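I have placed the structure first, in the form of structure tokens, so that the comments after it can refer back to it.
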Amino acid sequence: MNDILILLYNSHLAQTVRENELLFPWIETFHVLAITLVFGSIALVDLRLIGIRALNRPISKISQELLPITWVAFLLATVTGTILFVSNALSYSQNFYFISKIIFLTLAGINMLCFQLVIGRNLEAWNHLQTLPYSARVSGAISLILWASILFCGRLIGFTLEPVLAIS
Amino acid sequence: MRNSALLDFCAYLENTPLALAIQGSFWMVPLMQTLHILAISALLIAALMINFRVLNVGNKSDTASVVISQYVNIIWLALPILFISGSILIVGEPARSLANPAFQMKIIMLLMVIAITLSIQKIRAPNGTPLRSDRKVKLLAVLSLMLWFGIVACGRWIAYT
């Protein structure tokens, strides 16, 4: 594991990001932009699921208009996040909040799969409902809490990251 | 802008009991920053949905005026949250923000985009009839998207300037 991380740390990409003063903040800027759109679009779907917002509109329509934005933004967040990670792979992989963030991301992914494949398999069937079934409301609440935690952990990385030198 | 009056004010603010309390707590600043980012998320997705609709990007099943009424409230709800969380962050570290060119640029762009949002909102027809998407409105929508991007970028760059 450490060998892979050291390999990443010494890669051309990582060196470029570390040595260029402008690159790291700009990649961070796009990472922030991407995660705000990921969270914002997911939160609006979750708030409809829970029953807080846009009750007069069917969930199928809301998720149809927001989820394409979620996926494009998630792709951008993953690419920029990977570059940021690679630039300092050893430090990040030992950071408590980075590890927590990845765990929460995994849980959010599992929650989403449960919703897509089981709970909300047929969103059209709920078109006439204002209040959705209990399982859907719980799934929305879990998603909202997990994504807020992901953002919180992400922010805390910046306060707690300690330099770990790669010995090569 | 970095004159002595501003720096004096920052020095005064920095030593108020509230500022010292914020600086003394490990959790306060990251919590407020997270709240700030959550509110930005709500605001940005709302601005994106409205401006995309005005520019005819994506889903066109609802008219622009319908989309505006669905999303514009989120913007006006998020702004006070951003103002409060932002103010707490400023009090904690006044010189880092108030005297920072990236912060000053952010505030100027924010005032511009608020004015633009108000004028986009005003052209919403009250009876729900389609908004006429003339070139002026589309130009405002493009400007608005660029300004919101600039605001997010400046926000991140406060840490580096």
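The values are calculated or read from the model by the stated rules, or taken from the named source; none is laboratory data. Keep in mind that what you see is a predicted model, and the values were worked out from it rather than measured. Note that each Cβ is placed from the backbone with ideal geometry, even for glycine, and that neighbours are counted across all protein chains shown. Surface areas here come from the heavy atoms of the whole protein model, side chains and all, with no ligands, DNA or RNA. Shrake-Rupley method; radii C 1.70, N 1.55, O 1.52, S 1.80 Å.
Taking all protein chains together, A:L129, A:L107, B:L111, A:L146 sort by accessible area into B:L111, A:L107, A:L129, A:L146, largest first [probe 1.4 Å].
Computed about the Cα centre, the dipole magnitude for region A:1-142 is approximately 600 debye when only Lys and Arg (+1) and Asp and Glu (-1) carry charge, each at its Cβ.
Close Lys pairs in the protein assembly as shown, defined as Cα atoms under 20 Å apart and 8 or more places apart or on different chains, number 5. Take the Cα of A:R57, go 7 Å toward its beta carbon, and the backbone nitrogen atoms of region B:21-46 under 20 Å from that spot belong to B:39-46.
Farthest toward the positive end of the dipole of chain B, out of B:A46, B:I108, B:L140, is the Cα of B:L140, where the dipole comes from beta carbon charges about the Cα centre. Extension gain, A:N122 to A:N10, is 35.6 nm, computed as 0.36 nm per intervening residue step minus the present C-alpha separation. Each of A:Y92, B:Y160 has its accessible area taken with a 1.4 Å probe; listed largest first, they run B:Y160, A:Y92.
Think of each Lys and Arg Cβ as +1 and each Asp and Glu Cβ as -1; about the Cα centre, that makes the dipole of the protein assembly as shown roughly 1180 debye.
Only helices at least 20 Å long along their own axis, judged from Cα atoms, and with Kyte-Doolittle mean hydropathy of -1.0 or greater: name those in chain A from DSSP H. Both cut-offs are met by A:23-50, A:59-87, A:96-114, A:134-160. A:T106 contributes about 80 Å² of solvent-accessible surface, heavy atoms of the protein only, 1.4 Å probe. Please give the net charge around B:L13, taking every other residue with its beta carbon less than 14 angstrom from that of B:L13, where Lys and Arg add +1 and Asp and Glu add -1. Net charge in that neighbourhood comes out at -2. A Förster distance of 25 Å, applied to the separation of the beta-carbon atoms of B:V66 and B:I108, puts the FRET efficiency at 0.20.
Buried surface for the B/A pair, taken as the accessible area of each chain alone minus that of the pair with a 1.4 Å probe, is close to 2800 Å² in total. The charge dipole of region B:4-158, taken about its Cα centre with unit charges on the Cβ atoms of Lys, Arg (+1), Asp and Glu (-1) only, comes to about 760 debye. Projected onto its three principal axes, the C-alpha set of region B:4-158 covers 55, 30, 24 Å, listed from the longest axis down. For B:F9, the accessible surface of its heavy atoms amounts to roughly 100 Å² (probe 1.4 Å, protein chains only, rounded to the nearest 10). Built from the Cα atoms of chain A, the convex hull projects on average onto 10.5 nm², one quarter of its surface area. Determine Rg/Rh for the protein assembly as shown; Rg is computed over alpha-carbon atoms and Rh is the Kirkwood hydrodynamic estimate from the same atoms. With Rg and the Kirkwood Rh in hand, the quotient comes to 0.99. For A:N2 and A:Q94, the difference between the fully extended length at 0.36 nm per residue and the C-alpha to C-alpha distance is 32.1 nm.
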